[in-house]
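This report concerns only the one structure given below.
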Amino acid sequence: MRVLIIGAGGYVGSRLIPALLEDRHQVAARARDLHKLDAFWWGDAVRGVELDATEDDSVRAAIAADPSL
């Protein structure tokens, strides 16, 4: 399954992603600063997504760029 995690660098997201990867899900990760995802061991195993969840146009653009989300 493909999963989009918004807040990937936060407390819950950063702990959820390893469990999803262990279960062989494809993970797209959203964080305020995508470069911060590199600090996690799983940073190379996810696809970084730029979007602002409070902006409808930003969410639409992210989904349009990757309809699998």
Where in segment 37-69 are there chymotrypsin sites (Phe, Trp or Tyr not before Pro) that are in a DSSP coil and have at most 13 other Cβ atoms within 10 angstrom of their Cβ? Trp41
For the chain, state which trypsin sites (Lys or Arg not before Pro) are in a DSSP loop and have at most 16 other beta carbons lying within 10 Å of their beta carbon. Arg24, Arg32
Distance in nm between label sites at Gln26 and Arg47, each 7 Å beyond Cα in the beta-carbon direction? 0.6
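Taken together, the values in this text are just the output of simple stated rules run on the coordinates, not laboratory data. Please read these numbers as outputs of a predicted model, since none were measured by experiment. Cβ coordinates were reconstructed from backbone atoms using ideal geometry, including for glycine residues, and neighbour counts include every protein chain displayed.
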